[in-house]
Structures are given as structure tokens and as C-alpha cells.
């Protein structure tokens with residue numbers, strides 16, 4: 001696999017993870033910004 005295809009695959013995984021986090025936050029009535037990074041979304045999740 002080329003470096004470019006590895007980067008694309010990783011980007012797709014991160015996009016999916018961010019989408020799933022947004023869905024969970026929405027279902028739990030937790031506000032987030034569209035511009036939030038995956039780390040900011042994780043930080044919004046209650047501990």
C-alpha cells in the first residue's frame with residue numbers, strides 16, 4: 001500500500017470516528033461545534 005492510500009484510509013477512519021462521536025453527543029443532548037476536532041469532541045463527553 002502506498003503512503004497516500006494509507007493517509008486516505010486513516011482519514012476515512014477519523015472521519016467515521018468523528019461522525020460517531022457527534023451522533024452520540026447529539027443523542028445525549030450535548031452541544032458541540034461543527035468545527036470541533038475529534039479531541040474536542042472527546043473532551044465534551046461527560047466523564
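Restricting the search to the stretch 26-40, which residues are in contact with a helix residue (DSSP H, G or I) (Cβ under 6 Å, 6 or more places away or on another chain) and not in a loop (DSSP other than H, G, I, E, B)?
Listed by number, the list holds a single entry, 38.
What are the residues in the chain that are surrounded by fewer than 10 Cβ atoms within 10 Å (Cβ to Cβ), over 11 Å from the mean Cα position of the chain (by Cα) and modelled with pLDDT of 95 or more, if any?
Result: 2, 3, 4, 5, 27, 29, 31, 33.
The values are calculated or read from the model by the stated rules, or taken from the named source; none is laboratory data. What you see is a predicted model; the values in this text were computed from it and never measured. In this analysis, Cβ positions are derived from the backbone assuming ideal geometry, glycine residues included, and neighbour counts consider all displayed protein chains.
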